[in-house]
Amino acid sequence: MPKLTIHKLGEAIVFRCTGRIGFGECHILRHAVFSHPHIATAVLDMAEVTAIDASGLGLLLELRNWASTNRIQLKLLNLTPRVANLLDVTHLTPIFDVCSVRDVTDLLFQENE
């Protein structure tokens, strides 16, 4: 069962995911992100994600489409080597905005100016 911690940082929300993102568990992250439709940026912190299956990849694509439709930036932060490799193998890396902690920090400073 995945764990999700939510941190609001100005106009951005960081969703810190822990555990597995997969079949039977995607609804937790989906509900959390969809319940914040009026934010500028949604950041999925994936540092503690242990595995993603096909349902999890489908969820990431669904979140990407939802964010695009709602003019929200969706960023993937702290990809583990396993998750980064999965996105590379499935040719999904180029369609996501994968960022570093520094990128998110810069984004927050820009919003405060």
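Brief remarks on what is shown
- Of the residues 72, 28, the one with the largest accessible area comes first in the ranking 28, 72, computed with a 1.4 Å probe on protein heavy atoms.
- Here the alpha carbons of the chain define both size measures, Rg and Dmax, at 13.1, 41 Å.
- Cα centroid separation - the range 75-106 against the range 29-53, whole Å: 13 Å
- Residue-span extension gain [residue 100 to residue 38] - 0.36 nm each, minus C-alpha spacing: 20.0 nm
- Distance (nanometres) between label positions extended 7 Å along Cα→Cβ at residue 23 and residue 3: 2.6 nm
- Using heavy atoms of the protein chains and a probe of 1.4 Å, the accessible area assigned to residue 91 is about 150 Å².
- Theoretical FRET efficiency, 1/(1+(r/R0)^6), r = Cβ-Cβ of residue 31 and residue 82, R0 25 Å, to 0.05: 0.50
- Added length on full extension, which subtracts the Cα-Cα distance from 0.36 nm per residue, residue 69 to residue 53: 3.3 nm
- Using the 1.4 Å probe convention, the accessible area of the chain works out to 56 Å² per residue with neighbouring protein chains retained.
- An oblate overall shape is assigned to the range 37-79, the ratio a/c of its alpha-carbon gyration tensor axes (a ≥ b ≥ c) being 1.5 or greater and a/b not exceeding b/c.
- Rolled with a 1.4 Å probe across the full set of protein chains, the surface gives residue 74 an accessible area near 20 Å².
- In Å², nearest 10: area of residue 11 left accessible to a 1.4 Å probe: 100 Å²
- Theoretical ellipticity at 222 nm over the chain - DSSP helices of four or more residues, -39500 (n - 2.57) apiece, nearest 500: -12500 deg cm²/dmol
- Heavy-atom accessible area order for 75, 8, largest first, 1.4 Å probe: 8, 75
The values are calculated or read from the model by the stated rules, or taken from the named source; none is laboratory data. If you're wondering where the values come from, they're calculated on a predicted model, not measured in any experiment. Cβ: placed from backbone, ideal geometry, glycine included. Neighbour counts: every protein chain shown. The protein model used for the area step is the full one, side chains on, heavy atoms only, and it has no ligands, DNA or RNA in it. Shrake-Rupley method; radii C 1.70, N 1.55, O 1.52, S 1.80 Å.
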